[in-house]
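The values are calculated or read from the model by the stated rules, or taken from the named source; none is laboratory data. Nothing here was measured: the structure is a model prediction, and the numbers come from that model. All Cβ positions, even for glycine, are placed from backbone atoms using ideal geometry, and neighbour counts span all protein chains on display.
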Amino acid sequence: MHMLWRIIAGFFKWTWRLLNFIRELVLNIFFIFLILVAVGVWFQYNSATTPADVTQGALRLNLSGVIVDKPSVSNKISKLGRQLLGASGDKLKENSLFDVVAAIRQAKDDKNITGIVLDLNDFAGGDQPSMQYIGKTLREFRDSGKPVYAMGNAYSQAQYYLASYANKVYLSPQGVVDLHGFATNGLYYKSLLDKLKVNAHVFRVGTYKSAVEPFLRDDMSPEAREADSRWIGGLWQNYLNTVAANRQITPQQLFPGAEGIIAGLQQNSGDTARYAEQNKLVDVLTTRADFDTAMGKVFGWNKQARDYNQTSIYDYPIKDNSTGQGNIAVVMVNGAIMDGEETPGAVGGDTTAMEIRDARLDPAIKAIVLRVNSPGGSVTASETIREELAAAKAAGKPVVVSMGGMAASGGYWVSTPADYIVASPSTLTGSIGIFGVINTVENTLDSVGVHTDGVATSPLADIAVTKALPPQVQQMMQISIESGYRNFVNLVATSRSKTPEQIDAIAQGHVWTGSDAKGNGLVDALGDFDDAVAKAAALAKVDKPHLNWYQEDPSMFDLLLSQMNVSIHAMLPDTLSALLPAPASATLKALKQTALYEQLNDPQNRYALCLTCGQVN
């Protein structure tokens with residue numbers, strides 16, 4: 001018996017030792033793997049910042065994904081993802097507008113770059129001011145004497161906007177230039193809330209403040225429809241005017257309307273490519289193989305790569321020409337404005353305020369350019385940013401706001417201390433209004449036999465999502481919202497040297513394009529980021545402006561963590577929803593809209609947010 005137990009004990013003993021050996025072996029292998037990955041990332045990171053030799057030929061703008069002011073994932077990390085993960089890492093989700101512009105401007109003076117090829121098949125778009133800014137640099141490139149060519153199997157509206165800046169536009173014989181106009185589509189779920197017996201308590205000021213309408217209606221209100229029709233019509237007209245001028249045709253010829261397009265297609269037996277060629281939307285119909293051959297004659301042929309000589313924009317090293325410390329700070333407000341620290345894709349009120357504070361206290365910084373591309377968000381966070389910007393202005397440092405695609409609601413709130421505001425004609429701004437939403441589910445729980453009860457020292461303390469909202473709390477919320485709106489209007493009136501009554505007449509949540517905002521006195525000039533920098537330099541009396549971008553470079557730890565999920569970002573790019581089939585795109589939009597509401601974290605439940613500003617497609 002004793003021998004039997006020794007055998008059994010020996011079996012478990014050696015089994016345990018074997019398991020320990022296997023565990024330690026696996027952990028050691030994993031540890032060595034992490035070391036190798038860290039070393040690889042380190043070398044790739046260093047090589048990414050070291051200028052490399054560029055083969056003489058074309059700069060290929062094979063943009064993949066969307067253009068944004070500030071990518072949620074660092075471009076250096078995205079490049080590492082491409083180098084380490086191959087194809088999956090190549091599906092970049094977001095591209096920095098300012099990196100693309102810098103690359104084109106550097107290529108203009110680079111003797112190794114003899115032209116640009118726009119390969120936009122994977123480009124999902126960006127806001128109109130961003131694409132116009134890129135187009136401006138493409139025009140500068142052309143004016144230097146170097147050609148720009150565009151090739152597409154088919155052009156979406158965003159792709160065609162950039163392609164129109166090319167000297168010559170090529171299209172596949174089976175392709176199409178898909179011009180159809182702009183539209184906004186939001187989700188409304190009052191009936192759903194009614195079916196779920198959810199009580200949506202909505203508090204707002206502003207006839208046109210439509211961000212809360214999904215809780216109140218199953219469709220768009222007449223006031224919101226009238227307002228949105230105005231600004232979306234303005235955006236479409238700006239699009240047509242710009243592209244038509246680039247193609248040297250009339251806006252009517254570019255887009256003759258639905259009936260005109262149908263008539264033209266009938267005349268061409270439904271051949272969309274031939275229709276595009278006849279109406280001068282494109283210059284040449286050609287296959288991809290013939291296009292590559294033509295580019296080989298222009299830029300030379302690389303026998304080893306079996307392609308024309310080219311350098312992808314993702315492989316083109318942008319040189320850092322900085323000498324010494326910058327004298328103009330650039331602080332980014334990119335995304336919805338939330339309380340607390342910055343998170344990917346959103347603006348952290350505390351983080352942005354600290355960046356402005358650092359610029360204010362830095363004696364080398366002579367002026368601040370606040371780049372705003374935001375639909376707004378938390379009132380508290382917006383005020384935190386505004387206060388710090390006002391402190392910088394009071395300290396004697398000129399503040400200039402550069403508005404991107406959106407600077408609405410909270411995005412305009414943070415802009416009010418500026419000495420000067422520059423907006424694009426297609427910027428969406430204004431939307432001066434405030435709302436609050438509190439949902440309670442007491443009726444939902446009641447329908448399944450669940451009830452909430454208790455005691456409180458005051459009705460103001462008796463607040464729970466499972467109980468009806470006390471009338472006193474509802475009254476206080478409305479008073480708070482109205483007070484916030486008056487504060488918003490007064491801030492704008494003071495900054496724009498107008499009366500509160502004058503501002504209220506153009507406020508009420510009304511969204512304006514940059515052109516209309518200029519006419520209403522909400523912005524000082526129409527222009528782009530370059531104009532804002534030039535104005536900041538003039539106000540600060542800086543002869544040679546050098547920009548100091550206030551954005552943190554990723555640490556080694558950040559790089560490792562980001563490398564672990566970069567493939568996930570590539571596999572599920574929510575900003576590329578335009579490329580998805582309709583059912584999938586609608587589902588993604590629903591999740592995105594719901595997620596935005598869930599992220600709102602104002603301590604007083606007060607929000608200055610334009611929901612429809614980012615829904616143009």
Subset of region 456-498, residues exposed (fewer than 13 other Cβ atoms within 10 Å of the Cβ) and either farther than 30 Å from Asn520 by Cα or in contact with a helix residue (DSSP H, G or I) (Cβ under 9 Å, 6 or more places away or on another chain) (or both), comes to Ala456, Thr457, Ser458, Leu460, Ala461, Pro471, Gln472, Gln475
Mind telling me which of the residues Leu196, Leu187 ends up being more than 27 Å from the chain's Cα centre (by Cα), in contact (Cβ under 8 Å) with a residue 40 or more places away in the chain and surrounded by fewer than 19 Cβ atoms within 10 Å (Cβ to Cβ)? Leu196
If the requirement is being touching a strand residue (DSSP E or B) at 6+ places or on another chain (Cβ under 9 Å) and modelled with pLDDT under 95, which of these qualifies: Ser96, Ser88, Ser130, Ser172? Ser96
Condition check: touching a strand residue (DSSP E or B) at 6+ places or on another chain (Cβ under 6 Å) and under 22 Å from Val542 (Cβ atoms). Does Ser402 satisfy that? yes
Do you know which of the residues in region 111-125 that are touching a strand residue (DSSP E or B) at 6+ places or on another chain (Cβ under 8 Å) and assigned to a loop (DSSP other than H, G, I, E, B) is nearest to Gly65 (Cα to Cα)? Asp122
Scan region 366-383 for residues that are in a strand (DSSP E or B) and within 20 Å of the chain's Cα centre (by Cα) and jot them down. Val369, Leu370, Arg371, Val372, Asn373, Ser374, Gly376, Gly377, Ser378
So, of the residues in region 315-351 that are of a type in the set (Ser, Thr, Tyr) and without any contact (Cβ under 8 Å) to a residue 60 or more places away in the chain, which turns out to be surrounded by the fewest Cβ atoms within 10 Å (Cβ to Cβ)? Thr343
Could you tell me which of the residues Gly454, Gly449 is touching a Lys or Arg at 6+ places or on another chain (Cβ under 9 Å), part of a loop (DSSP other than H, G, I, E, B) and farther than 28 Å from Pro375 by Cβ? Gly454
Got at least one residue in region 446-455 being more than 29 Å from Val616 (Cβ to Cβ) and either surrounded by 19 or more Cβ atoms within 10 Å (Cβ to Cβ) or modelled with pLDDT of 95 or more (or both)? no
Residue pairs, Cβ under 7 Å, 6 or more apart or interchain, first in region 457-482 and within 22 Å of Asn443 (Cα to Cα), second among the charged types (D, E, K, R) and assigned to a helix (DSSP H, G or I). List them. Thr466/Glu442; Lys467/Glu442; Ala468/Glu442
Quick one: how many residues across region 254-273 are part of a helix (DSSP H, G or I) and surrounded by 14 or more Cβ atoms within 10 Å (Cβ to Cβ)? 6
So how many residues does region 297-355 have that are over 20 Å from Gly115 (Cβ atoms), of a type in the set (A, V, I, L, M) and touching a Phe, Trp or Tyr at 6+ places or on another chain (Cβ under 8 Å)? 4
Is it the case that Ile249 is farther than 27 Å from Thr429 by Cα, assigned to a helix (DSSP H, G or I), modelled with pLDDT of 95 or more and among the hydrophobic types (A, V, I, L, M, F, W, C)? no
Verdict on Asp307 being surrounded by fewer than 20 Cβ atoms within 10 Å (Cβ to Cβ) and touching a residue at least 24 places away in the same chain (Cβ under 8 Å): no
In region 104-114, which residues are touching a helix residue (DSSP H, G or I) at 6+ places or on another chain (Cβ under 9 Å) and either within 13 Å of Gly135 (Cα to Cα) or surrounded by fewer than 22 Cβ atoms within 10 Å (Cβ to Cβ) (or both)? Ile104, Arg105, Lys108, Thr114
Any residue in region 436-443 that is free of Cβ contacts under 8 Å to residues at least 40 places away in the same chain, of a type in the set (S, T, N, Q) and surrounded by fewer than 21 Cβ atoms within 10 Å (Cβ to Cβ)? no
If you scan region 427-461, which residues turn out to be under 30 Å from Gly234 (Cβ atoms) and β-branched (Val, Ile, Thr)? Thr427, Thr429, Ile432, Ile434, Val437
Selection from region 356-414 of residues that are surrounded by 24 or more Cβ atoms within 10 Å (Cβ to Cβ) and hydroxyl-bearing (Ser, Thr, Tyr): Ser374, Ser378, Ser382, Ser402, Ser409, Tyr412
Do we have Ile249 as surrounded by 13 or more Cβ atoms within 10 Å (Cβ to Cβ) and either of a type in the set (Gly, Ala, Ser) or not assigned by TED's automatic domain parsing to the domain that holds Asn95 (or both) here? yes
Given the structure, is Tyr133 among the hydroxyl-bearing types (Ser, Thr, Tyr) and surrounded by 24 or more Cβ atoms within 10 Å (Cβ to Cβ)? no
Taking region 274-304 and keeping only residues that are surrounded by fewer than 19 Cβ atoms within 10 Å (Cβ to Cβ), of a type outside the set (S, T, N, Q) and within 19 Å of Val54 (Cβ to Cβ), one is left with Gly296, Val298, Gly300, Trp301, Lys303
Does Thr352 fit the bill of being part of a loop (DSSP other than H, G, I, E, B) and touching a helix residue (DSSP H, G or I) at 6+ places or on another chain (Cβ under 6 Å)? no
Taking the options Asp315, Asp307, name whichever one is at pLDDT below 95, in contact with an Asp or Glu (Cβ under 7 Å, 6 or more places away or on another chain) and closer than 30 Å to Val177 by Cα. Asp307
Where residues in region 322-346 are touching a Lys or Arg at 6+ places or on another chain (Cβ under 9 Å) and assigned to a strand (DSSP E or B), which of them is nearest to Asp127 (Cα to Cα)? Asn334
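Here is a yes/no grid of residues against (1) assigned by TED's automatic domain parsing to the domain that holds Asp99; (2) of a type in the set (Asp, Glu); (3) more than 20 Å from the chain's Cα centre (by Cα):
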residue	(1), (2), (3)
Phe291	yes, no, yes
Met338	no, no, no
Glu342	no, yes, no
Ala364	no, no, yes
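Per-residue answers, yes or no, for (1) assigned to a loop (DSSP other than H, G, I, E, B); (2) at pLDDT below 95:
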position	(1), (2)
Lys467	yes, yes
Tyr485	no, yes
Ala493	no, no
Ala517	no, no
Pro545	yes, yes
Which residue pairs have Cβ atoms under 6 Å apart, sit 6 or more places apart or on different chains, and have a first residue in region 384-402 that is in contact (Cβ under 8 Å) with a residue 24 or more places away in the chain and a second that is charged (D, E, K, R) and in a helix (DSSP H, G or I)? Glu388/Arg357; Ala392/Arg360; Ala395/Arg360; Val399/Lys393; Val400/Lys535
